[in-house]
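Here the structure comes first, spelled out in structure tokens, and everything after it is commentary.
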């Protein structure tokens with residue numbers, strides 16, 4: 001594949017040119033339409049992916065058969081690395097494409113080769129795993145230090161302040177992101193609306209009172 | 001009410017349980033061989049009941065968060 005595609009992925013910018021060339025010789029890209037199921041939970045893990053453009057979400061099935069949204073990933077994020085590094089080598093979650101997405105694919109043998117032969121690549125993977133672990137630690141700290149009301153207010157401000165995601169956020173996805181369940185998110189949004197802090201319209205949450213929401217975010 | 005504001009349905013994830021169709025308060029959905037489709041998109045009120053009821057997360061009714069325009 002073209003080395004230019006490798007250079008498009010921000011997290012690869014720290015790699016030596018020799019490593020980037022080794023990835024280019026082994027990886028291939030694929031364009032995926034919205035709604036496509038890239039990985040199915042429990043199936044053998046055969047590849048890992050790096051998102052070039054687009055957005056996907058991770059889902060997992062509960063014991064009662066209901067599906068739960070776990071997380072969302074976008075440009076630069078690796079997918080399925082943990083599955084390749086575990087003993088069982090099975091996909092840890094189902095991955096569904098939210099908006100047209102382009103991914104770089106590395107098959108297990110090529111991933112293992114790069115890990116074993118290119119120190120900067122294995123360091124990069126370690127840093128990515130550390131970043132995931134750090135996010136989980138932050139979430140655990142948030143869960144113990146802040147009430148869910150504060151976490152929701154903070155996340156709404158964050159979403160409104162930065163470029164909106166083209167695929168938007170469902171209540172399930174918001175709940176997964178702040179460590180709660182969708183019913184709680186729904187109840188809190190109703191409370192915020194009753195208090196005049198937000199306005200809910202078809203497919204939109206409009207934030208009305210930054211000062212008050214910021215205050216709640218620190219509770 | 002524009003069509004792009006309708007909940008999106010991933011037919012590949014649909015298990016044809018019909019919960020979305022039978023519980024839609026506006027009767028906007030109909031089950032087909034491929035899965036649910038909006039037969040009356042204008043009447044969809046974006047209540048997101050279909051998304052909530054779907055056991056396989058095949059229906060998304062996303063929200064965009066913005067500040068009020070000044």
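Among the residues of A:92-102, the average count of other protein chain beta-carbon atoms within 10 Å of the residue beta-carbon is 1. The simple Förster model, with R0 at 25 Å and r as the Cβ-Cβ distance, assigns residue A:143 and residue A:195 a FRET efficiency of 0.60. The packing ranking, built from the mean of other Cβ atoms within 10 Å per residue, places the peptides A:123-132, B:43-52, B:13-22 in the order B:43-52, B:13-22, A:123-132, highest first. Summary value for chain A: 20 percent relative contact order, contacts being C-alpha pairs under 8 angstrom separated by 6+ residues. Packing-based ranking of A:15-25, A:135-145, B:32-42, A:68-78 yields A:68-78, A:15-25, B:32-42, A:135-145, ordered from highest to lowest mean Cβ neighbour count within 10 Å. Computed on the Cα atoms alone, the convex hull of chain A gives a volume of 139 cubic angstrom per residue.
Where does helix A:108-117 land angle-wise versus the long Cα axis of chain A, in degrees 0 to 90, nearest 10? For helix A:108-117, the angle is close to 80 degrees. Plainly put, the range B:3-60 has a radius of gyration that is 0.90 times its Kirkwood radius, both from alpha-carbon atoms, as the Rg/Rh ratio. For the residues of A:200-206, the average number of beta carbons from a partner chain within 10 Å of their own beta carbon is 6. Within the P(r) computed for the range A:4-57, what percentage of the Cα pairs occupies the region above 15 Å? Percentage above 15 Å: 56. Note on B:5-12: average number of Cβ atoms from other chains within 10 Å of each residue's Cβ is 3. A simple spin-label model places the labels of residue A:85 and residue A:53 3.0 nm from each other, with each point 7 Å out along Cα-to-Cβ. Against chain A, whose longest principal axis comes from its Cα atoms, helix A:148-161 is set at around 70 degrees. Relative to the longest principal axis of the Cα atoms of chain A, the long axis of helix A:17-26 lies at roughly 90 degrees. Summarising the strand pairing of the protein assembly as shown, around 90 percent of its internal DSSP beta bridges are antiparallel.
For residue A:28 and residue A:68, the FRET efficiency from 1/(1 + (r/R0)^6), where r spans their Cβ atoms and R0 equals 30 Å, is about 0.45.
Read-outs: derived from the displayed coordinates by stated rules, not from any lab. Computed from a predicted structure; not experimentally measured. Reconstructed Cβ throughout: ideal geometry from the backbone, glycine too, with neighbour counts over all protein chains shown.
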